[in-house]
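Where a number appears in this text, it was derived from the coordinates with a stated rule and is not lab data. This structure is a prediction, so every number in the text was calculated from the model and none was measured. A quick note on method: Cβ atoms are made from the backbone with ideal geometry, for glycine too, and the neighbour counts reach across all protein chains shown.
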């Protein structure tokens, strides 16, 4: 059975919403397995559809702990499916929950040791926006956090993005919980400057086809399907600039190791914080196509940067 919910004084939490989003702080393999296996087997016993989306090493260990119950669980390698944090809500969580009319149960670990500083702001925005995306839906998402290996500020952010936190066998309401839009705004941070040798092209409605050709030529050494994905993503962003900004913008192209980076800047107000998967099919598509999507909006305009590599 799940642990009884308590408030910060240890008293039971009486109101239970249809959807719950909880963080599990674990400090070793045993606390990871005991916390997640209990959650999963409880769902299996209740006949609930269960998804486990964690990095591959965690899948192997949890399968072994679950035994025969693992046959009734759907597993996804989060380090692959969720390498772009903006892809997790529409491509993993929503996709699974939409496949059933029953109350669902998900173990999702979007933040693990090794996430880069570039990826991390998008990870926090993802965790915050889960609370908006699934509000009123019948289900529960449990997010494990390696409290022994992750830096303190990441654990502090977990307290802000999860209404309930489980640690040391105790389940409590987080007094630090912050509304999704406020936290998404906090992580609306400026992006690192492009390199000095980045290509720069001004575009308008009459040059969109030329922009697609430039991206295709620049990324020619990627696989054909990757080139097509990148062209489609950039076309969506440049078209959005034409329709919703000043009718023009700037496209920048550069490489970072084996990754092609494309940046679209304009003077528009940008996407709302929910752009990572909750509104607007176009930007959802961009997240599904690319390895990473980062955005920054300021008084002077909006910049969206997409990454795609081998």
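For segment 86-114, the residues whose amide N sits under 14 Å from a probe point set 7 Å from the Cα of residue 46 along the beta carbon direction are 102-107.
The base-10 log of I(q)/I(0) for the chain, evaluated at q = 0.12 Å⁻¹, reads -0.81 [Debye formula, identical scatterers on Cα atoms, solvent excluded]. Against the main long axis of the alpha-carbon atoms of the chain, helix 208-218 sits at an angle near 70°.
State the antiparallel share, in %, of DSSP beta bridges confined to the chain, rounding to the nearest 5. So the antiparallel bridges amount to about 55 percent of the total. Computed from label points 7 Å out along Cα-Cβ, the spacing between residue 137 and residue 269 is 2.7 nm. Annotation: peptides 169-175, 138-144, ranked by per-residue average of other Cβ atoms within 10 Å with the highest first, follow the order 138-144, 169-175.
For residue 188 and residue 101, a Förster radius of 35 Å and the Cβ-Cβ distance give a FRET efficiency of 0.45, rounded to the nearest 0.05.
Tell me whether segment 151-274 comes out rounded, prolate or oblate; compute the Cα gyration tensor, take square roots of the eigenvalues as a ≥ b ≥ c, and use a/c under 1.5 as the rounded threshold. It comes out prolate by the Cα gyration axes.
How would segment 45-103 be classified by its alpha-carbon gyration tensor: rounded, prolate or oblate, with rounded meaning a/c under 1.5 and the a/b versus b/c comparison settling the rest?
oblate
Distance between the pseudo-spin-label points of residue 149 and residue 220 (7 Å out from Cα toward the beta carbon): 4.1 nm.
Can you work out the FRET efficiency for the pair residue 69 and residue 198, with r the C-beta to C-beta distance and R0 = 51 Å, to the nearest 0.05? The computed FRET efficiency comes out at 0.50.
Where Rh is the Kirkwood radius over the Cα pairs of segment 19-186, the temperature 37 °C and the viscosity 0.692 mPa s, what D in µm²/s does Stokes-Einstein return? This corresponds to a translational diffusion coefficient of 208 µm²/s. Calculate how steeply helix 29-45 sits against the longest principal axis of the alpha-carbon atoms of the chain, using the helix alpha-carbon long axis, and give the answer as 0 to 90 degrees to the nearest 10. Between the helix axis and the principal axis of the chain, the angle is about 80 degrees. Modelled spin-label separation between residue 244 and residue 28, with each label point placed 7 Å from Cα along the Cα-to-Cβ direction: 4.9 nm. Note on segment 19-186: antiparallel DSSP beta bridges, both residues inside, total approximately 15 percent of the bridges counted. The distance from the alpha carbon centre of segment 174-246 to that of segment 136-154 is 29 Å, rounded to a whole number.
When each of the peptides 151-163, 86-98 is scored by how many other beta carbons lie within 10 Å of its residues on average, the order from highest to lowest is 86-98, 151-163.
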